[in-house]
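A short write-up of the structure that comes next.
Each reported figure results from applying straightforward, stated rules to the coordinates on display, with no laboratory input. Treat the numbers as computed from the prediction; the structure is a model and nothing was measured. Quick reminder, even Gly has a Cβ in these numbers, built from the backbone with ideal geometry, and neighbours come from all protein chains shown.
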Amino acid sequence: MRKIFLTGIQTFFLDIVMWVIFHLSIGYWSSRIPVNLFNPESLLFKTRKWEKNGLVYEKVFKIRSWKDHFPSGAAFYQDAYEIQHIDEFSIENVRTWILESCRSEFCHILMIFPGFLFFLWNTIEVGWLMVGYALLNNIVPIIMQRYNRPRVKKLLQYMERSKKYGQPLNQRSDQLPQPT
């Protein structure tokens with residue numbers, strides 16, 4: 001499948017340059033897709049029964065122990081949405097977060113596919129390493145979105161119910177499910 005033959009060092013640097021280009025360009029173009037085009041209830045983003053509203057990610061991946069230490073890629077893009085910068089838990093902000101989590105998941109799914117292009121200038125073994133890198137590098141953010149989205153949707157339902165029935169929303173941070 002290899003079509004381009006370079007020296008080992010040339011291939012090494014081409015791999016690095018191409019990953020930077022793929023990551024930054026896919027991230028940039030994904031951040032430009034209007035967020036209202038994403039539907040959290042669509043087949044791609046909907047929480048599956050087997051996910052048990054995110055609990056499977058706590059049990060299998062111990063996500064609670066490491067999720068706060070994972071950097072946000074949004075910092076690389078001007079005007080990109082970052083959950084850490086929400087200044088208030090309004091219904092509108094929480095709805096926006098849910099849509100942005102779909103955009104983030106979509107972006108990371110797209111970032112897996114360029115891994116297969118590396119077969120064009122790498123050996124089969126290195127090509128599979130690049131696919132493995134793409135999967136490992138993007139599965140963590142995908143898992144984080146799939147873990148958080150059902151929790152944040154639950155928060156949104158709680159907020160909407162409180163507003164509907166005129167009950168004050170308890171703003172104590174230790175009692176609200178916190179998105180990350």
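With neighbour counts taken as other beta-carbon atoms within 10 Å, the residues F113, F5, F61, F45 rank, fewest first, as F5, F113, F61, F45.
Applied to segment 42-59, the Karplus parametrisation 6.51 cos²θ - 1.76 cosθ + 1.60 on θ = phi - 60° returns per-residue 3J(HN,Hα) values of 5, 4, 5, 9, 4, 6, 7, 4, 5, 6, 6, 6, x, 4, 4, 6, 6, 5 Hz, with x for Gly and Pro. Evaluating 6.51 cos²θ - 1.76 cosθ + 1.60 at θ = phi - 60° for every residue in segment 9-17, the Karplus couplings come out as 5, 5, 5, 4, 5, 5, 4, 4, 4 Hz, glycine and proline recorded as x.
Each of L37 and N53 was given a label point 7 Å from its Cα along the Cα-to-Cβ line. The distance between the two points is 3.2 nm. For segment 8-164, the spread of Cα coordinates along the three principal axes comes to 63, 35, 29 Å, biggest extent given first. Between W29 and D68, the modelled labels are 3.7 nm apart [label points 7 Å from Cα along Cα→Cβ]. Evaluating 6.51 cos²θ - 1.76 cosθ + 1.60 at θ = phi - 60° for every residue in segment 121-134, the Karplus couplings come out as 10, 10, 5, 4, 4, 5, x, 5, 4, 5, 5, x, 4, 4 Hz, glycine and proline recorded as x.
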